[in-house]
Amino acid sequence: MINKLLGPKYDAYLGFIRRAMIKDQIEARGVKDPRVLAAMDKVCRHCFVTEDMVSRAYEDYPLPLAAGQTISQPYIVALMSELLDLKGSERVLEIGTGSGYQTAVLAELAAEVYTTELLPELACAAQEKLGKLGYANIKFQTGDGAAGWPGSAPYDAILVTCAPPEVPPALLEQLKPGGRLVIPVGPEPQDLLRITNKPSGPERRTICQVRFVPMLGRPA
């Protein structure tokens, strides 16, 4: 409620701490891609958290969402976005729309974003929010993330915001030659992997350990 009461002054304050977040939490930890840094500055994380969490929106921690899900910490959003190595013309698949925050960052970096979410309440809320923010290059689907979105494949890049026990084969099948898949895998803490679709087969690189909510599958 305080942001509604203070209006432009509070918006200016949030902009100030967002820029401090980028400098101190993201750039200082090694994220250097100028397009990613610009996207992190443009996308307002406080628009994607619950109202009681607005004052904490630019802390470098995950924050709770509905249905036991979370919005990822800003550094991890920036790191995973940078690992996709996007130039602006790509088609990107996101698995796990969640709040829509990572989706918005991807929409700033790519030509088209296809995002899928298993939980209807999160999917509807994110689609409504991103529409109000003016994003026209995002397509939405409610469904099982492990299956990807085969009807719109292949993709230049795929980003997964929940952790399966192993890499879903369908996601590798939907990746273009030379495409990049960034995904947390395994039990918590998970290994964050960058998988490149090489002619000789998938090339895996472990980046760091992370903590994501598990990938939920649709019941049989």
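The values are calculated or read from the model by the stated rules, or taken from the named source; none is laboratory data. Nothing here was measured: the structure is a model prediction, and the numbers come from that model. Heads up, the Cβs are rebuilt from the backbone with ideal geometry, glycines too, and the neighbour counts pull from every protein chain shown.
Miscellaneous remarks
- Within the span defined as region 68-83, one or more residues are surrounded by fewer than 20 Cβ atoms within 10 Å (Cβ to Cβ) and closer than 22 Å to Thr142 by Cα.
- Total residues in region 174-220, condition of a type in the set (A, V, I, L, M), modelled with pLDDT of 95 or more and either closer than 17 Å to Arg91 by Cβ or surrounded by 15 or more Cβ atoms within 10 Å (Cβ to Cβ) (or both): 9
- Test: residue in region 31-39 that is in contact with a His (Cβ under 8 Å, 6 or more places away or on another chain), surrounded by 14 or more Cβ atoms within 10 Å (Cβ to Cβ), in contact (Cβ under 8 Å) with a residue 24 or more places away in the chain and not hydrophobic (A, V, I, L, M, F, W, C): no
- Every condition in (1) within 18 Å of Gly148 (Cα to Cα); (2) modelled with pLDDT under 95 holds for Val92 except the one numbered (2).
- Yes/no for Glu59 being under 22 Å from Leu175 (Cβ atoms) and within 17 Å of the chain's Cα centre (by Cα): no
- In region 40-63, residue surrounded by the most Cβ atoms within 10 Å (Cβ to Cβ) [restricted to those that are aliphatic (A, V, I, L, M) and closer than 16 Å to Asp24 by Cα]: Met40
- Criterion violated by Arg19 - all others in (1) under 27 Å from Ala123 (Cα atoms); (2) surrounded by fewer than 19 Cβ atoms within 10 Å (Cβ to Cβ) satisfied: (1)
- Filtered residues of region 28-44 (kept if outside any helix (DSSP H, G or I) and farther than 8 Å from Glu108 by Cβ): Gly30, Val31, Lys32, Asp33, Cys44
- Number of the exception - Ser89 against (1) surrounded by fewer than 21 Cβ atoms within 10 Å (Cβ to Cβ); (2) under 24 Å from Gly217 (Cα atoms); (3) hydroxyl-bearing (Ser, Thr, Tyr): (2)
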